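The values are calculated or read from the model by the stated rules, or taken from the named source; none is laboratory data. What you see is a predicted model; the values in this text were computed from it and never measured. Cβ placement follows ideal geometry from the backbone for every residue including glycine, while neighbour counts extend to all protein chains displayed.
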Amino acid sequence: MSLTFWRPQRSAIPSAGEPAGYRDIGHLHYLIQLPNPPGRGAGASGPTSPAQCSQSALSSADPSLAPPGGGSPADLGAPVDQADDQPANPANTLTMTLDLGACIIAKGGTTAPSGPRTGSSCTSRP
């Protein structure tokens, strides 16, 4: 699954010399979370934590995203945005690919073609 998204934004800080408007926030870690994989019922065996998909399930050719370099949350497989904060621009997107099947299987779930729905999320944090 290919994911393309905009960086989170914040208001400019005039006292820091930034022009009025919004700024794209850089240097964040992006975590893809799948806490309850499909096919993993109550009492099923398999890993339950962390909720994040591992680094092996994520890939990116985006020059702004670097693989995790150690430390938390980077050790959880979260790619790191290498860009600095910059003026907001709709062209400033990030792209990564998630091997959803690999993430589900690594968490003890199944990729059977039918079954209950599950949720996932993408979280950014410093």
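Quick check on Leu94: is it assigned to a strand (DSSP E or B), at pLDDT below 90 and surrounded by 12 or more Cβ atoms within 10 Å (Cβ to Cβ)? No. What about Ala74, is it of a type in the set (Gly, Ala, Ser) and modelled with pLDDT of 80 or more? Criteria not met by Ala74.
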